[in-house]
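**Student:** Before I ask anything, let me first share the structure, which is written out below as structure tokens.
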């Protein structure tokens, strides 16, 4: 089932405005219960290496209602924690931030990894950041571009399929100073040591800080189609290596927009669609039953999630509620290009986290979800019908003028 909420746009001739904001969401280790999310469960944080952030971009055309996109340095958030309307909340998927999903506490003891007081503060901070970004809207021109960065990422599951495109949308003032730089790249933020106990934003934090130091404004990083698994191409698992990743990507950002034609008038449109998927993962069901993870909204026996699509002149943003496989991300990019988009962007872990979004024909359910073997991604997926429903809903939104 698809129910679209098209919140409209404005004419091609309208002037672009953008605003941005960034503020910390770093947990207080003396106050919060912090199980680090990703890798193995029961991994409590011992120290903070660098701040986790929420970084926000607001954009509008003419006097239209703005669209706001925030990205948190968290592994993911379920739909119950995300805003609605013309506001999107995505996550970078860092594997060294607090558990926002519940799987990485002490699951065999029935202990959720979620600290609800911490998440309440995150939601309040996100709301404040979004309001601040809207309040700071000012006239801008957009610079858009993309470049391949193949040396940093590989696909562990399907080595012959790779999305190595780094996509950039930069918003600058008439004097050339930067308001915001939006960057998207499909790589798991798991450069740092899987055994590490430090809170860190991993390479996205280094990337954003480098861009902000060099160009000013606010840098907003989002992950693309990281399923598969699109993982760091490295055997070095240190903070220095994560910083190197950030430096390489920051240099690629400048290449992507170097010589780009400025766009100062463009339509901004946004649409959202609810979809229902069949939950076929016994671990997800058990997790909700015993309170490890938030209960999902259900309708007619199926779980409700959502997708959305933002068009900003020559750039298109497809927001996906999980870790979509790169072959599906490339399909969505192709659909955007067919619709006239010059720089297509796929943003993963947006407004929900239903797990891996796997091509239906490649989905092999594990015999034992606790010991999935080569079906690891399936053990962290809602089920085989998620991919076709997510892709179909987004293709419909992309094709709708």
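The values are calculated or read from the model by the stated rules, or taken from the named source; none is laboratory data. Treat the numbers as computed from the prediction; the structure is a model and nothing was measured. Cβ: placed from backbone, ideal geometry, glycine included. Neighbour counts: every protein chain shown.
**Student:** Could you say which residue among 151, 195, 190 is surrounded by fewer than 17 Cβ atoms within 10 Å (Cβ to Cβ) and touching a helix residue (DSSP H, G or I) at 6+ places or on another chain (Cβ under 8 Å)?
**Tutor:** 151
**Student:** Another question, if that's okay. Please state which one of 287, 301, 313, 291 is farther than 21 Å from residue 142 by Cβ, crowded, with 18+ Cβ neighbours inside 10 Å and out of contact with any helix residue (DSSP H, G or I) (no Cβ under 6 Å at 6 or more places or on another chain).
**Tutor:** Unique residue meeting the criteria: 287.
**Student:** Search the range 237-253 for residues being without any contact (Cβ under 8 Å) to a residue 40 or more places away in the chain and farther than 19 Å from residue 93 by Cα, and hand back the single one that is surrounded by the most Cβ atoms within 10 Å (Cβ to Cβ).
**Tutor:** It comes out as 251.
**Student:** Let me ask something else. All but one of (1) surrounded by fewer than 24 Cβ atoms within 10 Å (Cβ to Cβ); (2) in contact (Cβ under 8 Å) with a residue 60 or more places away in the chain hold for residue 63; which doesn't?
**Tutor:** Here residue 63 clears every test but (2).
**Student:** Would you check if residue 223 is exposed (fewer than 15 other Cβ atoms within 10 Å of the Cβ) and at pLDDT 95 or above?
**Tutor:** No, not satisfied.
**Student:** Here is a further query. For the structure I just gave you, tell me whether residue 357 is touching a residue at least 24 places away in the same chain (Cβ under 8 Å) and touching a helix residue (DSSP H, G or I) at 6+ places or on another chain (Cβ under 8 Å).
**Tutor:** Criteria met by residue 357.
**Student:** Restricting the search to the range 21-44, which residues are out of contact with any helix residue (DSSP H, G or I) (no Cβ under 7 Å at 6 or more places or on another chain), closer than 20 Å to residue 108 by Cβ and part of a loop (DSSP other than H, G, I, E, B)?
**Tutor:** 33, 34, 37, 38, 39, 40, 42, 43 - these are the residues of the range 21-44 that are out of contact with any helix residue (DSSP H, G or I) (no Cβ under 7 Å at 6 or more places or on another chain), closer than 20 Å to residue 108 by Cβ and part of a loop (DSSP other than H, G, I, E, B).
**Student:** Quick check on my filter: what residues within the range 173-190 are over 18 Å from the mean Cα position of the chain (by Cα) and in contact (Cβ under 8 Å) with a residue 60 or more places away in the chain?
**Tutor:** 179
**Student:** A follow-up question, please. Taking the residues in the range 156-182 that are surrounded by fewer than 22 Cβ atoms within 10 Å (Cβ to Cβ) and touching a helix residue (DSSP H, G or I) at 6+ places or on another chain (Cβ under 7 Å) as candidates, determine which candidate is farthest from residue 361 (Cα to Cα).
**Tutor:** 178
**Student:** Go through the range 123-135 and report how many residues are out of contact with any helix residue (DSSP H, G or I) (no Cβ under 7 Å at 6 or more places or on another chain) and over 30 Å from residue 165 (Cα atoms).
**Tutor:** The qualifying residues number 7.
**Student:** Within the range 141-162, take every residue that is out of contact with any strand residue (DSSP E or B) (no Cβ under 7 Å at 6 or more places or on another chain) and in contact (Cβ under 8 Å) with a residue 40 or more places away in the chain and give me the one that is nearest to residue 218 (Cα to Cα).
**Tutor:** Across the range 141-162, the extreme among qualifying residues is 151.
**Student:** Which condition does residue 91 not pass, out of (1) crowded, with 20+ Cβ neighbours inside 10 Å; (2) more than 16 Å from residue 114 (Cβ to Cβ); (3) out of contact with any helix residue (DSSP H, G or I) (no Cβ under 7 Å at 6 or more places or on another chain), if it passes all the others?
**Tutor:** Exception for residue 91: condition (2).
**Student:** Turning to a different aspect of this structure: Under 6 Å between Cβ atoms, at least 6 apart or on separate chains: pull out the pairs that start in the range 381-401 with a residue that is on the phi > 0 side of the Ramachandran plot and touching a residue at least 12 places away in the same chain (Cβ under 8 Å) and end on any residue that is assigned to a helix (DSSP H, G or I) and buried (at least 16 other Cβ atoms within 10 Å of the Cβ).
**Tutor:** From residues that are on the phi > 0 side of the Ramachandran plot and touching a residue at least 12 places away in the same chain (Cβ under 8 Å), there are no pairs.
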